[in-house]
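See structure below.
The values are calculated or read from the model by the stated rules, or taken from the named source; none is laboratory data. These numbers come from a predicted model, not from an experiment. Glycine gets a Cβ as well: all are built from the backbone with ideal geometry, and neighbour counts include every protein chain shown. Only protein heavy atoms, including side chains, enter the accessible area calculation; ligands, DNA and RNA are left aside. Shrake-Rupley method; radii C 1.70, N 1.55, O 1.52, S 1.80 Å.
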Amino acid sequence: ACSAWYQRVPKRVIHSHASGIDCESRLKRTVYTWIHKVCRLFLYRFGTDYYGVSENAGRWIFPERIVKSERFQVVLSGIEREAYKYNPEIRSRVRKELLKSDDAKESVIIGHIGNFCYVKNYEFLLSIFENVLQREENALLLLVGDGDRRREIERKVRAAGIEKHVRFLGWRKDIPHLVQAMDVFVLPSYFEGLSIAALEAQSAFLPCVLS
């Protein structure tokens, strides 16, 4: 926006897709938060139009008077809903592939899709799953995605002795099929503007537990 203003571009759009600092280090988070608070006082002045995935995301960057004005719009993230239309044949096939057994209907599959980073709160997700295992001994946790913290989370899974109940699937192109195989979608993020993965899960009419 600053460069566009300098070049006298007449329409300059600023878009907010988050509501916090995605950084694991508490010290860095504190520094970046103060930098953000300072920059928030003037950076919006370089824009002419303002968008956000939610009002909270808008308020994180823009003053309240901007969010409440006609210059700000909430632009909801979109997905191809038809691809997530429920199909019992796909669900049955994918569950058998994941569980590698014929008792696919009996096991509870908990799904999570996202980068392996601080904001996704993986430690809490693993804690949730360990409690689920105490009630559902055949439960399976699907972790779809990749990132800097993947190896660390893999070590924590082994240390907890639950590796046979957790599948690290990496990045996949068959998300619509994986979502249909799940029984519940869990996303205990510290903060997010609006998760695309949550929209995908909801489009498949999958029960979602979100923060």
Problem set entry | Mean projected area (nm²) of the alpha-carbon convex hull when region 41-149 is viewed from all directions | 10.9 nm²
For this session: Please calculate how many Å² of accessible area the chain carries per residue, with a 1.4 Å probe and no DNA, RNA or ligand atoms counted.
Result: 60 Å²
Exercise. More than 13 Å apart: what percent of Cα pairs in region 159-211 qualify?
Worked result: 65 percent
Problem set entry | Options Leu143, Val184, Val9, ranked by Cα towards positive dipole end of the chain, top entry (Cβ charges) | Val9
Problem set entry | Nitroxide proxy distance, nm - points 7 Å out along Cα→Cβ at Val13 and Lys85 | 3.0 nm
Problem set entry | region 106-181 and region 69-90: distance between their alpha carbon centers, rounded to Å | 24 Å
Seminar exercise, completed: Placing each pseudo-label 7 Å from Cα in the direction of the beta carbon, Glu64 and Glu154 end up separated by a distance in nanometres of 4.8 nm
Exercise. Given the Cα-Cα distance of Ser92 and Arg45 and 0.36 nm per residue of separation, how much length would full extension add, in nm?
Worked result: 11.6 nm
Seminar exercise, completed: Note: Gln73 to Glu130 extended length (0.36 nm per residue) minus current alpha-carbon separation gives 16.4 nm
For this session: Determine, from the Cβ-Cβ distance of Val184 and Glu24 and an R0 of 30 Å, the FRET efficiency 1/(1 + (r/R0)^6), rounded to the nearest 0.05.
Result: 0.70
For this session: With a 1.4 Å probe and every protein chain kept in, tell me what percent of the accessible surface of the chain is carbon plus sulfur.
Result: 52 percent
Seminar exercise, completed: Here P(r) for the chain, Cα-Cα distances in 10 Å bins, as whole percents, is 8, 28, 30, 20, 11, 4, 0
Seminar exercise, completed: Taking the chain and counting helices only, DSSP H stretches of n ≥ 4 at -39,500 (n - 2.57) each over all residues, the nearest-500 ellipticity at 222 nm comes to -11000 deg cm²/dmol
For this session: Subtracting the Cα-Cα distance from 0.36 nm times the residue separation, let me have the gained length for Arg167 to Phe191 in nm, one decimal.
Result: 6.2 nm
Seminar exercise, completed: Hull volume per residue for region 1-102, using the convex hull of the C-alpha atoms, in Å³ is 184 Å³
